[in-house]
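Any read-out appearing in this document is the output of simple, stated calculations on the displayed coordinates, not a laboratory observation. On a predicted model such as this, the values are computed, not experimentally measured, just so you know. No Cβ is skipped: glycine too gets one built from the backbone with ideal geometry, and neighbour counts run over all protein chains shown.
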Amino acid sequence: MSEFLEMKRAERLADQYAKIGRVEVIQTIQARGQSFPIHAFHIGATDPTLPVLGLVGGIHGLEKVGTHLLLSYLESFAEQYRWDEDLRERMKSCRLLVVPMVNPAGVRFDTRSNANGVDLMRNAPIDSGKGPPFLLGGHRFSRRLPWYRGIEGAPMEAESQALCDFVRREMFPSRALLVVDIHSGFGMGDRLWYPYARSADPFPRLHQVERLAEILNRSFPNHIYMVEPQSLSYTTHGDLWDYLFDEHLAKVGPSGPVFIPWTLEMGSWIWVRKNPLQAFSALGPFNPVKAHRLKRTMRRHLPLLDFFLRAIKNHGAWAL
Ligand SMILES: [Zn+2]
């Protein structure tokens with residue numbers, strides 16, 4: 001198995017969580033003669049119909065800060081779980097499922113795409129029409145260019161397929177489902193995006209999005225997040241969450257259980273503005289390079305993940 005900082009932390013967490021939850025390897029990726037397990041952490045109740053919060057990171061390997069945030073969250077959660085009886089009680093009636101590094105080879109080799117040159121967040125078999133920006137929105141020209149979608153009609157990449165299968169198996173049976181998928185690299189501010197990525201079509205769960213946003217705004221009036229549809233920033237082909245959302249909606253119908261896939265897009269341009277030289281390194285545009293800024297980023301977003309966990313447990317307050 002490939003040894004690198006993030007994988008070592010994930011392996012250490014896997015040992016820890018074997019005692020307080022369940023850890024599953026949903027796929028093992030082979031790249032450059034090394035193997036890369038994709039870990040999924042199961043915490044809390046096991047009844048699949050109970051409400052679920054899914055946390056996902058590292059779909060784009062370069063955007064390591066998302067993986068770091070989830071590893072930090074898991075480390076902190078394990079510590080709290082030891083002494084906080086209320087937390088253990090809460091987890092009896094909901095489930096927390098965390099996949100902190102969907103694209104481990106990308107994290108290891110500092111690439112946005114997986115080892116086959118495919119951008120996993122452009123890899124779902126859905127087209128967006130003419131809207132998306134050239135290249136950035138996903139393309140099929142060459143795997144040497146970023147945002148490559150893969151060959152038309154080919155099966156999905158092993159990482160995207162493993163994530164979709166995991167979401168279908170573990171999350172779709174739930175009576176209420178929130179996912180937060182963590183990315184970085186776009187814009188000055190921190191955005192909480194809801195679907196669609198493919199077009200400006202109204203999101204069918206807009207009502208629940210608005211109620212949840214209202215709870216966030218009223219409870220934490222000084223929060224830093226811009227809550228908006230992804231299509232307001234740009235549209236893309238092949239978005240995995242659009243794909244999964246549509247499939248879920250077709251299955252459960254408009255009056256069925258709610259599923260909102262959020263994207264936390266951490267605005268990285270501010271890190272670059274404060275430390276312009278990092279714009280010239282491979283990782284710089286996507287991550288806080290300075291140690292104090294990394295710490296601040298962890299502090300900044302951990303409360304949001306706690307908010308989502310409480311929001312899924314109390315889904316009656318917004319999901320009906
Ligand atoms: Zn990303």
Exercise. In a shell of Cβ-Cβ distance under 9 Å around ASN275, excluding ASN275 itself, what net charge do Lys and Arg (+1) and Asp and Glu (-1) give?
Worked result: +4
Exercise. Where the centroid of each part is defined by its Cα atoms, how far is the stretch 150-223 from the stretch 25-84 in Å?
Worked result: 16
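Just to confirm the filter: which GluC sites (Glu not before Pro) across the stretch 74-181 are DSSP coil and have at most 12 other Cβ within 10 angstrom of their Cβ? Walk me through the intermediate numbers first.
Numbers: sites: GLU75, GLU79, GLU85, GLU89, GLU152, GLU157, GLU159, GLU170; in loops: GLU152, GLU157.
Passing both the DSSP loop test and the Cβ count: GLU152.
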Problem set entry | Neighbour cut-off at most 14 other Cβ (10 Å), DSSP loop, trypsin sites (Lys or Arg not before Pro), the stretch 222-320 | LYS290
Exercise. By a straight-distance test (C-alpha under 17 Å), which lysines pair with LYS295 as possible cross-link partners, with residues fewer than eight away in the same chain excluded?
Worked result: LYS64, LYS274
For this session: Specify the longest stretch of the chain that does not include any exposed loop site, a site being one of the chymotrypsin sites (Phe, Trp or Tyr not before Pro) with a non-H, G, I, E, B DSSP assignment and at most 16 other Cβ atoms within 10 Å.
Result: 5-133
Exercise. In whole angstrom, how far apart do the alpha carbon centroids of the stretch 94-139 and the stretch 248-320 sit?
Worked result: 16
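With all distinct Cα pairs included, what does the Kirkwood hydrodynamic radius of the chain come out to in Å, to one decimal, could you say?
Values: mean 1/r = 0.0506 Å⁻¹.
Evaluated over the chain, this radius sits at 19.8 Å.
DSSP loop (so not H, G, I, E, B), at most 16 other Cβ within 10 Å: list which trypsin sites (Lys or Arg not before Pro) in the stretch 9-98 pass both filters. The partial results should precede the final answer.
Numbers: sites: ARG9, ARG12, LYS19, ARG22, ARG32, LYS64, ARG82, ARG88, ARG90, LYS92, ARG95; in loops: ARG32, LYS92.
Filter output for the stretch 9-98: ARG32, LYS92.
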Problem set entry | Length released on extending from ASP110 to LEU87, taking residue separation times 0.36 nm less the Cα-Cα span | 4.7 nm
Problem set entry | Calculated Rg and Dmax of the stretch 33-74 using C-alpha coordinates, Å | 13.1, 40
Exercise. What is the Cα radius of gyration of the stretch 189-257 over 2.2 N^0.38 Å, N being its residue count?
Worked result: 1.19
